[in-house]
Amino acid sequence: MNWKVISRYVGIALLVSALFMLISLGISILDGKDSTFAPLLVSFLLTALVGAFPFIFVHKTTTISLKEGYVIIVLSWLLSFVFGMLPYALWGGPFNLENAWFESVSGFTTTGATTLAFIEEIPHSLLFWRSSTHFIGGLGVVVFLLLIIPPGSPVRLRLTNMELSSVSRGAYRIRAGKTVYVFAYVYLGIGLLAFVSYLLAGMPAFDALNHAMSVCATGGFSTRSLSIAAFGSPLIEFVTIVFMLLASLHFGLLYISVATRSLKPLGNPVVRFFLISFLSVSLLTSLIIRMSGVEPTWGTALWHSLFQIASVVSTTGFAVCDNSSWPMLANVMMLFMAIMCGCAGSTTGGVKADRMLVLGKSIGLQVNRILKPTAVSELRLGGRFLKDGEVAPQILYIALYAVLLALSVLLTLLLGMNNHNAFAASISCLSNVGPAIQELGSLGNFADVPAGAKLVFTLDMFLGRVEIYPVLAVVAMVFERRRG
């Protein structure tokens, strides 16, 4: 294990964070050196120093092993969390050590759960840093690294597959070396279009910038305590729905659609399954909340359902209403969507629509084999036949998700959470959704969650963002070394 090489690439990830701290520092200066100037300056200097040291003194190399690649992934995320919490912890206010850690992890993993009750009281510079963690985490610490790692590195393709894995990748044709650039182009394009659209819809420039960074990352940090509801604008809400859904689709398919000027790539079976699921659950939810009397009209019920389900399935977490007043059945349906979420190759979390579709088809295939044991049956996804070696990892991932969810619920119950919050918040954090139900709902916050439970939830966020396997690989390497 070449720790010098590992430190070089982890340092690059920290330098990215330092760059956005510097921009936040500039905003503080423009605001007359507000109360965050000193915290941001110290945070920037520390992060830049630690990041630059190995980058300067360790020579660039193309020889990175797969094991080193996994370590780079895990350490890049973990150290980003640690240095990302510095501006919060040094500024103080509502950010004690546990809250600063929670906010940092939630930001970088694009979860969007917050400990803040009165967001408008936070200085603009710190709000910008908060949204920046979404922007960095959405593009992916790993993707930033992949833009720097030499194309000739044998590990680059494998790291790309880990970050952008998808059982539907056969539906488009992009050269392996260009995949990371496609991801970056689409991500930045969605962010820029969202920013311009918010401005045209009447949102103030600072708010538009922060919400654009959040929506392209499917994060959910807002500059307002009432989230999107604070603006009271149906047009802004419509813009948000559009970009939440766009950011939930496979970026490769979006790129091909733009490049070919055709919507045909979006006829992918995973995309169809995702959109049909979204619309079906939205309509059922609107029916439930209207008939329960929560919403006064059918139009309002449908609009709020469309927005909130889009927010959950995209793991963005923005809000136009308080789902804590919804009937339990509506919240259960919302939690189901929080487990599935968007498509692989997007910035969303959860088990992904791809895996849920493969699971459903696998169950149907197995039933067919039982009924017709002599028939030759294969799992087909669009124009491809999936081999058992492609299907098994997807089913195993869902099983791992279920095991981690059960462990999280058990631990948080032992740490003082009630039944509903332990289950819903565990799903929300493991899927990087953000809001849950009741007091942790769309307009709630995690400030009063016990410290131990916050730690469990941040672990959920981390595992959900890196998709479990890289962490398991690093843990396995640690045990191998101990046995050796």
task = Consider all pairwise Cα distances in region 306-426 and report the whole-number % of them above 20 Å.
result = 56 percent
query = What aspartates and glutamates could a cross-link reach from LYS361, if we take a straight Cα to Cα line under 15 Å and drop same-chain neighbours fewer than 8 places away?
reply = GLU378, ASP388, GLU390
query = In whole angstrom, and with the biggest value first, how far do the Cα coordinates of region 1-64 range along each principal axis?
reply = 47, 15, 15
task = Note the per residue figure in Å³ for the convex hull of the C-alpha positions in region 8-114.
result = 104 Å³
task = Please calculate the 1.4 Å probe accessible area of TYR469, with all protein chains present, and give it to the nearest 10 Å².
result = 70 Å²
note = Calc'd 3J(HN,Hα), region 377-394, phi into Karplus 6.51 cos²θ - 1.76 cosθ + 1.60 (θ = phi - 60°), Hz, glycine/Pro = x, comes to 10, 10, 7, 10, 10, x, x, 10, 9, 8, 6, 4, x, 8, 7, 4, x, 6
Protein accessible area in region 344-484, 1.4 Å probe - carbon and sulfur % = 65 percent
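Please report, as a whole percent, how much of the solvent-accessible surface of region 224-340 comes from carbon and sulfur atoms (probe radius 1.4 Å).
Of the solvent-accessible surface of region 224-340, carbon and sulfur hold 73 percent.
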inquiry  = For LEU379, what residues show an amide H to amide H distance below 5 Å, using hydrogens built from the backbone and excluding near sequence neighbours?
reply    = LEU386
task = Mind checking region 1-48 for trypsin sites (Lys or Arg not before Pro) that DSSP puts in a loop (not H, G, I, E or B) and that have at most 16 other Cβ atoms within 10 Å?
result = LYS33
Estimated D of region 244-297 in µm² per second, where Rh is the Kirkwood radius over Cα pairs and Stokes-Einstein applies at 25 °C, 0.890 mPa s = 189 µm²/s
ask   = So for region 211-289, Kirkwood radius off the Cα pairs, Stokes-Einstein at 4 °C and 1.567 mPa s: how many µm² s⁻¹?
value = 90 µm²/s
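Quick one: plug the Kirkwood hydrodynamic radius of region 77-125 (C-alpha pairs) into Stokes-Einstein at 25 °C, 0.890 mPa s, and report D in µm²/s.
Roughly 226 µm²/s, to the nearest whole number.
Please list 39-46, 209-216, 406-413, 428-435 highest first by mean number of surrounding beta-carbon atoms within 10 Å per residue.
Sorting 39-46, 209-216, 406-413, 428-435 by mean packing, highest first, produces 428-435, 209-216, 39-46, 406-413.
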note = In Å², rounded to a whole number, the accessible area per residue of the chain with probe 1.4 Å is 41 Å²
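The values are calculated or read from the model by the stated rules, or taken from the named source; none is laboratory data. What you see is a predicted model; the values in this text were computed from it and never measured. Please note: Cβ atoms are built from the backbone with ideal geometry, for glycine as well, and neighbour counts cover all protein chains shown. Please note that ligands, DNA and RNA were not included when accessible areas were found on the heavy atoms of the full protein model with its side chains. Shrake-Rupley method; radii C 1.70, N 1.55, O 1.52, S 1.80 Å.
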